[in-house]
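The values are calculated or read from the model by the stated rules, or taken from the named source; none is laboratory data. Remember, predicted model here, so these are calculated numbers, not experimental data. Ideal geometry is used to build each Cβ from the backbone, glycine not excepted, and the neighbour counts take in all protein chains shown. SASA here: full protein model, heavy atoms, side chains in, ligands and nucleic acids out. Shrake-Rupley method; radii C 1.70, N 1.55, O 1.52, S 1.80 Å.
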Amino acid sequence: MDFILYEVNGAVGTITINREKALNALNSQVLDELNATLDAVDLNTVRCLILTGAGEKSFVAGADIGEMSTLTKAEGEAFGKKGNDVFRKLETFPIPVIAAVNGFALGGGCEISMSCDIRICSDNAVFGQPEVGLGITPGFGGTQRLARLVSPGMAKQLIYTARNIKAAEAYRIGLVNQVVSAEVNEAGEVVTSAKDALMAAANKMAAGIAQQAPIAVRNCKKAINEGLQVDMDKAIVIEEKLFGDCFETEDQKAGMGNFLEKDKEKKLKVVPFQNK
Ligand code: CAA
């Protein structure tokens, strides 16, 4: 892999888009490598993923403008499909994915973060869909996911005006769950950079997810994602099936058993992983 780093620490896997010289812009090779990395995640051991960009300045500054500049209509559509296919794989990945947004998240960068379950960002993050200024529409799901994540009116305003927004505004409109700042001491010196503080926060959140019953967490992701696509009558049936699916699993027996036995130590134990 030239542009993707993948490391596993316990039950948490971290994928880093590593093309810092181009602010981690997504060309075809990055997308192919990301796809292959997702295929190689060991779902028997990894329970939560973190997605981030290399360096302090940029998460992902968008799709690669150089590569796109000479595409024909058919090639443009195929490039959109390539991105959409990988982002959809991320969105429907069986385990939760946290985007740790460390700077610019523009165009395809904002779009890939929206394919993740949860977004947290450093306070230097900048979000936006600047595509109309380049003569194109957002092409990796931006018109669809931004309108679903924030209000349709706000999504339309951001997309039509190509205006970038800072972390605080992204938080205000519900695009990110948490904004993380550098830690400074009393003398005003930075003791933990914004990127390190962001990664610490992402790892803490991921570890909190990873210690829950894994089948239950996976089923929650599926229930929320699939339920949002249908009307409420169908959505609650999706929930019922996934709720029922948890019963008789080792996780459910251990989780409820620990509670009923009032065994605090046992209760704190990581619920054993049961692969289906
Ligand atoms: N594609 C290709 N290269 C990019 C890039 C991109 N999206 N974004 C940055 N780079 C490259 C620059 O060309 C530059 O390379 P060189 O050093 O070889 O010249 C390097 O990264 C550093 O960038 P800058 O010198 O521009 O850095 P800056 O600090 O002055 O500006 C920035 C940072 C505001 C993010 C600016 O780079 C920028 O505006 N980038 C483009 C952002 C953008 O428009 N993204 C949307 C792309 S379209 C898209 O994503 C479509 C889709 O939905 C699929």
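Quick notes on this structure:
- Where the alpha-carbon atoms of segment 118-238 are placed on the principal axes, they occupy 57, 46, 21 Å, in descending order.
- When the surface is traced with a 1.4 Å probe over the full set of protein chains, Arg218 keeps roughly 60 Å² accessible.
- Sulfur and carbon atoms: percent of accessible area, the chain [1.4 Å]: 56 percent
- FRET E, pair Phe247, Asp85, Förster distance 35 Å, beta-carbon r, rounded to 0.05: 0.55
- Computed P(r) (all Cα pairs; segment 4-137; 5 Å bins; percent): 2, 11, 21, 25, 20, 12, 5, 2, 1
- The Rg/Rh ratio of the chain, with both radii computed over alpha carbons and Rh defined as the Kirkwood radius, is 1.00.
- Cα shape, segment 65-144, gyration tensor, a/c 1.5 rule: oblate
- Per-peptide average of other Cβ atoms within 10 Å, ordering 50-62, 175-187 highest first: 50-62, 175-187
- Using only side-chain charges placed at the Cβ, +1 for Lys and Arg and -1 for Asp and Glu, the dipole size of the chain relative to its Cα centre rounds to 480 debye.
- For the set Ser113, Ser151, solvent exposure ranked by accessible area (probe 1.4 Å, protein chains only) runs largest to smallest as Ser151, Ser113.
- Alpha-carbon centroids, segment 39-98 and segment 175-238: separation in whole Å: 18 Å
- With 18 Å as the limit, the listed pairs Lys21/Lys57; Lys57/Lys195; Lys57/Lys89; Lys166/Lys195; Lys89/Lys222; Lys57/Lys166 have Lys57/Lys89 beyond it between alpha carbons.
- Residue-normalised accessible area of segment 55-214, expressed per residue, 1.4 Å probe, Å²: 46 Å²
- With both residues required to sit in the chain, DSSP beta bridges show an antiparallel share near 30%.
- Among the GluC sites (Glu not before Pro) within segment 197-249, those in coil by DSSP and having at most 12 neighbouring Cβ atoms inside 10 Å are Glu248.
- Residue-averaged [θ]222 nm for the chain, counting only DSSP H segments that reach four residues, each worth -39500 (n - 2.57): -14000 deg cm²/dmol
- Each residue of segment 52-93 gets 72 Å³ once the volume of the Cα convex hull is shared out per residue.
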